[in-house]
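Below is one structure, written out as structure tokens, with a few remarks after it.
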Amino acid sequence: MALIAKKIKGTEDILPRDSYKWQFVEKILSDEARVYGFSEIRTPVFEQTKLFQRGVGEGTDVVQKEMYTFETKGGESLTLRPEGTAGAARALLEHGLYNDGLPIKAHYFTTCYRYEKPQAGRQREFHQFGMEVYGASDPIADAELICAAKSIFDRLGLFNIHLEINSIGCPECRKNYHKALKEYFSQYTDTLCGTCLSRLEKNPMRILDCKSPVCKEIAQNAPKITDFLCEDCDNHFKKVQQYLTAADVAFTVNSSIVRGLDYYTNTVFEFISDNIGAQSTVCGGGRYNGLMEELGGQPLASLGFAIGLERLLMVMDAEGIEIPKPETDMLYIAALGDKAQLKAFELVRTVRETGLGAQFDIVGRGLKAQMKYANKIGAKYSIVLGDNEIEEGKAILKNMESGNQTEVSIDDANIFIENLLAADLSDAVSFTE
Ligand code: HAM
């Protein structure tokens, strides 16, 4: 029989056998967010299209080519979020969170949607973990945020990811820079790709981001933004570097990092891995001091980053970092006969009330098949119930790994649990651990 539907190109299923890896990483990410004082924000998966047009920027690839935009039955244009920053900023403004005392620190786990050509590390639906800080203009905030990202990689044991930073200044510095870039790239109108030709007028900085080898080569000798920074922006960038050095965070300044989204100002940064191929940026972020005004709010100096979780897991895999499989405390109660099955049904519920895992047969298998299933699911302990056990009110509790066993009472639920918790059957993990 042919399946009537398949997963959509560029999307992935995270299967039960792999989800522990995601949970492991997510736990470390939220722990790190907690120690840095961030609280979670959750925003809708779709937003009004104009939020991204204005927020991310009309001239970006994301808005021009990659958004999943649709019209509702009511005729409104909505878009599946291509990233998390714009939605979080919208929520902050809409709920007046800036009145709660600044800075506000929010983190999120989101799915994002971009209609890009799928390849290793590039999907159409992907997951991001992001951290955003609102209401902090001092360069020490940039350094602190970068430290947060760095400590995530450190805690995951990823020491081969390098940090590249740049400053793209404020709109004032960029006016002169755009002029210089236009002059420079205008010499190459015969060779630049079609997309870059259209970027030349509106947003020449995007040319620095072009993946075409020809444009890349031309861009190598382009004027550098760092030579066009105004005094304030230059000082800001220098201080960020000083703080990073003081915090022992290694970095290189890479003037070609301009980021693909329009909201950035001043500091931009990327964490890059050499181990996962072309899609090597695991984390990207920076300052976006103008975004709140762009969205109709008061000016609010802000900054943040997002880590792509698929890429993060790819790097962990490439670097041979083994994610520990969670220890199971599962008790499997195999039962034969109606009375035994009913007893098993009662006992598993009692066990679960204590917070321990317990399962029994719910598909009517024979004893042998039940034990096979118990092995398959990695049950740590087992009990077999038959007529004898029911009659005597006792059963054998067995550690499936070590083979150690002990007798437990099954007549009284409280005594059963007492016996269970007292049983020290394990050579590794005991029930009470
Ligand atoms: P971004 O650089 O577009 O920035 O994305 C951040 C990260 O998401 C990338 O470094 C990458 O790991 C992952 N990513 C992006 N596109 C894909 C894709 N198609 N497939 C798989 N992973 C992908 C942002 O989204 C900004 N909102 C980051 C930010 C937060 N800036 C300030 N605050």
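Details
- Output for region 361-396, where each listed residue is within 14 Å of PHE416 (Cβ to Cβ), in a strand (DSSP E or B) and open to solvent by 10 Å² or more (accessible area, probe 1.4 Å): LYS394, ILE396
- Qualifying residue in region 300-307 (condition: open to solvent by 50 Å² or more (accessible area, probe 1.4 Å), within 26 Å of VAL133 (Cβ to Cβ), in a loop (DSSP other than H, G, I, E, B) and more than 10 Å from the ligand (Cβ to nearest atom)): no
- Unique residue being of a type in the set (D, E, K, R), touching a Phe, Trp or Tyr at 6+ places or on another chain (Cβ under 9 Å) and either in contact (Cβ under 8 Å) with a residue 60 or more places away in the chain or open to solvent by less than 50 Å² (accessible area, probe 1.4 Å) (or both) when the list is GLU47, GLU40: GLU40
- Here LYS339 clears all of (1) out of contact with any Leu (no Cβ under 9 Å at 6 or more places or on another chain); (2) farther than 30 Å from CYS283 by Cα; (3) surrounded by 14 or more Cβ atoms within 10 Å (Cβ to Cβ) except the condition numbered (1).
- Residues satisfying the stated conditions in region 286-313, i.e. of a type in the set (S, T, N, Q) and touching a strand residue (DSSP E or B) at 6+ places or on another chain (Cβ under 7 Å): ASN289, SER302
- For region 314-335, a residue qualifies if it is under 23 Å from GLN370 (Cα atoms) and touching a strand residue (DSSP E or B) at 6+ places or on another chain (Cβ under 7 Å), and the qualifying residues are MET330, LEU331, TYR332, ILE333, ALA334, ALA335.
- The listed residue being more than 12 Å from the ligand (Cβ to nearest atom) and closer than 22 Å to ASP262 by Cβ, out of LEU51, LEU102, LEU97: LEU51
- Selection from region 127-153 of residues that are open to solvent by less than 30 Å² (accessible area, probe 1.4 Å) and either over 30 Å from PHE237 (Cα atoms) or of a type in the set (S, T, N, Q) (or both): GLN128, SER151
- Looking across region 284-299, the residues that are touching a residue at least 24 places away in the same chain (Cβ under 8 Å) and either out of contact with any Leu (no Cβ under 8 Å at 6 or more places or on another chain) or not in a strand (DSSP E or B) (or both) come down to GLY284, TYR288, ASN289, GLY290, LEU291, MET292, GLU294, LEU295, GLY296, GLY297, GLN298.
- Selection of first residues in region 260-274 that are in contact (Cβ under 8 Å) with a residue 24 or more places away in the chain and open to solvent by 10 Å² or more (accessible area, probe 1.4 Å) and of second residues that are more than 10 Å from the ligand (Cβ to nearest atom) and in a strand (DSSP E or B), restricted to Cβ pairs under 7 Å at least 6 apart or on distinct chains, gives the following pairs, ordered by first then second residue: ASN266/SER167; GLU270/GLU164; ILE272/ILE161; ILE272/HIS162; ILE272/GLU164.
- Checking each residue in region 69-97 for being open to solvent by 80 Å² or more (accessible area, probe 1.4 Å) and in a helix (DSSP H, G or I) picks out only GLU94.
- Among the residues of region 201-221, those identified as part of a helix (DSSP H, G or I) and more than 34 Å from the chain's Cα centre (by Cα) are GLU201, ILE218.
The values are calculated or read from the model by the stated rules, or taken from the named source; none is laboratory data. It should be emphasised that the depicted structure is a prediction, and the values quoted were computed from it without experimental measurement. Backbone-built Cβ (ideal geometry, glycine too); neighbour counts: all protein chains shown. Surface areas here come from the heavy atoms of the whole protein model, side chains and all, with no ligands, DNA or RNA. Shrake-Rupley method; radii C 1.70, N 1.55, O 1.52, S 1.80 Å.
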